[in-house]
Amino acid sequence: KRFQEEVSSLCIGGAKGHVEETIDGSLLRLYSVYRWKMIPRCTGRYTCRDHEMVSGLRPSELLGRPALLEGEDLKERIFHLPGRVDPIMILPLDKLNETGIITYVKKSEDSGGDGDSSCER
């Protein structure tokens, strides 16, 4: 989605079991650059429909491509959970850690390298 004019907020959700919510700031900039699909019955969670474009990107790279968050100090965190091969990467988009990107990179069985990933808010 690309906006023809600059908007300061956008109302999203309200379907598929989602509560309607208003987004602004960093989240609005991210939402306007890529295409998103709601995860049914999971308010505030979306998967990125531009899978081929973003599947190999870390959260910080996802934001860096369109230079979405210039001047903002964001710290990416990586978690290795017991019993899971795939690391979970989290990048908070606000100082209260209430909004952010959660993604994983599925490790290929044969190469141990990066494979598919999913980005969601």
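The values are calculated or read from the model by the stated rules, or taken from the named source; none is laboratory data. Not measured: the values here are computed from a predicted model. Glycine also receives a Cβ, built like all others from the backbone with ideal geometry; neighbour counts cover every protein chain displayed. Side chains are part of the model used for accessible areas, which takes the heavy atoms of the whole protein and leaves out ligands, DNA and RNA. Shrake-Rupley method; radii C 1.70, N 1.55, O 1.52, S 1.80 Å.
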Item to check | Subset of region 16-38 that is open to solvent by less than 30 Å² (accessible area, probe 1.4 Å) and of a type in the set (S, T, N, Q) - its residue that is nearest to GLU52 (Cα to Cα) | outcome: SER32
Item to check | Top-ranked residue of region 51-75 - restricted to ones that are under 21 Å from ASP24 (Cα atoms) and surrounded by 14 or more Cβ atoms within 10 Å (Cβ to Cβ), ranked as modelled with the highest pLDDT | outcome: PRO59
Checklist entry - List, please: which pairs have Cβ atoms under 8 Å, are six or more places apart or on different chains, and start with a residue in region 63-80 that is within 18 Å of THR99 (Cβ to Cβ) and end with one that is exposed (fewer than 10 other Cβ atoms within 10 Å of the Cβ) and at pLDDT 75 or above? => result none
Checklist entry - Does ASP86 fit the bill of being in a loop (DSSP other than H, G, I, E, B), at pLDDT 60 or above and touching a strand residue (DSSP E or B) at 6+ places or on another chain (Cβ under 7 Å)? => result yes
Checklist entry - Taking the stated definitions as given, is LYS95 assigned to a loop (DSSP other than H, G, I, E, B), of a type outside the set (Gly, Ala, Ser) and at pLDDT below 80? => result yes
